[in-house]
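Here, each number is a calculation from the coordinates, and none is a lab measurement. Keep in mind the model is a prediction, meaning the values are calculated, not measured. Every residue, glycine among them, receives a Cβ derived from its backbone with ideal geometry; neighbour counts consider all protein chains shown.
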Amino acid sequence: MRLILLGASGAGKGTQAQRLSAHFQIPWIGTGDLLRAAIQENSELGQQAQAYVEQGELVPDELMIQFIQSRLQLPDASNGWILDGYPRTAFQAEELDFLLEALAQPLDQAILLDVPESVLVERSLQRALPDDQPEVVQRRIQLFEERTLPLLDYYRYRQRLQVIPGAEPPESVFAQILSVLTKKQPN
């Protein structure tokens, strides 16, 4: 199973990725974790990304696809994976498709956890993380909406997008995801 989880900050991607990873016994690849690990290891890619991360900038697309490529080539990803935090734009999705074709790892589904803005704000503020201030949360939601519409169209056109209502309890969301994935599996 090869999945992409999409959703704004507070949508529950981490919760569902953790459950799906355990269920399918495939790695959950969070791009934030990937970047932090590479920087901590002081790898060549980590060194290149560090300046962007320290300045609060987005790591350039070309560099991000190198991170994803190196991670997807590890042995634990050979039977599937869950991407969380990538792609974020239609350009990144297209680059990812080229990479997946080269690796012979076709994407099964992109899943959008669709959560109303009021719930996203409430969940983000409940986490009480240092960067979860109301104005920052609102800005993240705005950026997600601006960047994600073309991404959703990209996967919808390729018949790879499933939209799941993410405001329900985590168990219910997980059950809906499994139901959608089961229906999409080849016989």
- [ ] Mind listing the long-range amide H neighbours of ARG2? Cut-off is under 5 Å, sequence gap 5 or more, other chains count too, H placed in the peptide plane at 1.01 Å from N.
- [x] TRP81, ASP108, GLN109
Task: Estimated vicinal HN-Hα couplings, Hz - region 16-26 in sequence order (Karplus 6.51, -1.76, 1.60; Gly, Pro = x) - done: 6, 4, 4, 5, 5, 4, 5, 5, 8, 6, 10
- [ ] Describe numerically, in nm with one decimal, the distance between label points set 7 Å from Cα along Cα→Cβ at PHE91 and at GLU62.
- [x] 1.1 nm
- [ ] State the label only: which of (1) 43, 41, 30; (2) 48, 37, 33; (3) 38, 35, 34 corresponds to Cα extents along the principal axes in Å computed from the shown model?
- [x] (1)
TODO: Treating only the Cβ atoms of Lys and Arg (+1) and Asp and Glu (-1) as charged, compute the dipole magnitude of region 8-76 about its Cα centre; round to the nearest 20 debye.
DONE: 380 debye
Open item on the list: Using Cβ counts within 10 Å as a stand-in for footprinting exposure, how do GLU122, GLU101 rank, fewest first?
Closed with: GLU101, GLU122
Task: Cβ charges +1 (Lys, Arg) and -1 (Asp, Glu), total dipole of the chain, debye - done: 620 debye
Open item on the list: Taking just the alpha carbons, could you work out the radius of gyration and Dmax for region 1-50, both in angstroms?
Closed with: 13.0, 34
- [ ] Using 0.36 nm per residue of separation minus the Cα-Cα distance, give me the extension gain between GLN138 and ASP114 in nm, one decimal.
- [x] 7.0 nm
Task: Dipole axis of the chain (+1 Lys, Arg; -1 Asp, Glu on Cβ), positive-most option in GLN50, GLN18, PHE91 - done: GLN18
Task: Extension gain, ASN79 back to GLN50 (0.36 nm per residue minus Cα-Cα distance, nm) - done: 7.4 nm
Open item on the list: Counting only helical runs of four or more DSSP H residues, what would the 222 nm mean residue ellipticity of the chain come to if each run contributes -39,500 (n - 2.57) and the total is spread over all its residues?
Closed with: -19000 deg cm²/dmol
Task: region 63-166 - charge dipole about Cα centre, Lys and Arg +1 at Cβ, Asp and Glu -1, debye rounded to 20 - done: 60 debye
Task: For region 156-164, 3J(HN,Hα) per residue [Karplus equation, 6.51 cos²θ - 1.76 cosθ + 1.60, θ = phi - 60°, Hz, x = Gly/Pro] - done: 5, 4, 8, 6, 10, 9, 10, 9, 10
